[in-house]
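K.L.:
This is the structure, below, for whatever I ask next.
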Amino acid sequence: GSPGDIGAIPFDRSWPTGRATCAGVAHSSGEIGRLTAAGSASLAAQDLVLVADRVPAGQFALLVTGTAFAQVPLGDGTLCVGGAGLRSAPAFTGMGSVVFAAEPGFFGAVPGTTLHFQSWFRDPGLAGFGLTGGVAVEFGL
């Protein structure tokens, strides 16, 4: 399926939010994992979703968030999230993509703060895991 078919969360890639902070690297299937933010950066709207796609199908993934940008070699890629951080519960990648809903308060965002996001995913080949590119989102009211 396409990202528009994922779960019950509406997803429209034409409504982008945030900015790319780093690129992912090719994983065992040869694709480069991508993380995209969609919806708005409005804390009141509570409609931000982060979509990891082009990741290995049938595996688990996490969303990692932090308060700062970083460039730390990790496995076969680069961890682009630093500072104080959190991670989501594991989610199943299904056909090669997963949607993470930014539930109110989960990321600890307040208006005016920028948070950095990246997805870590299980990859049976290479280092055993991979990383998507990173995205930064500045939150508003």
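K.L.:
In a GNM of the chain with a 10 Å cut-off on Cα contacts, which of Leu48, Leu115, Leu86 has the highest mean-square fluctuation?
P.N.:
Top of the fluctuation ranking is Leu86.
K.L.:
Can you pull the one-decimal nm distance between simple spin-label points at Leu141 and Val110, each 7 Å off the Cα toward Cβ?
P.N.:
Label-label distance for Leu141 and Val110, simple model: 1.6 nm.
K.L.:
Separate question: Leu126 to Phe60: FRET efficiency via 1/(1 + (r/R0)^6), r the Cβ-Cβ distance, R0 25 Å, to the nearest 0.05?
P.N.:
Values: r = 16 Å, r/R0 = 0.63.
Rounded to the nearest 0.05, the efficiency is 0.95.
K.L.:
How high is the relative contact order of the chain? Use alpha-carbon pairs under 8 Å, at least six apart in sequence, and give a whole percent.
P.N.:
Details: 382 pairs, mean separation 44.3, N = 141.
After rounding, I find 31 percent.
Only the coordinates and a few stated rules stand behind these numbers; no lab work does. Worth saying up front: this structure is predicted, and the values here are computed from it rather than measured. Quick reminder, even Gly has a Cβ in these numbers, built from the backbone with ideal geometry, and neighbours come from all protein chains shown.
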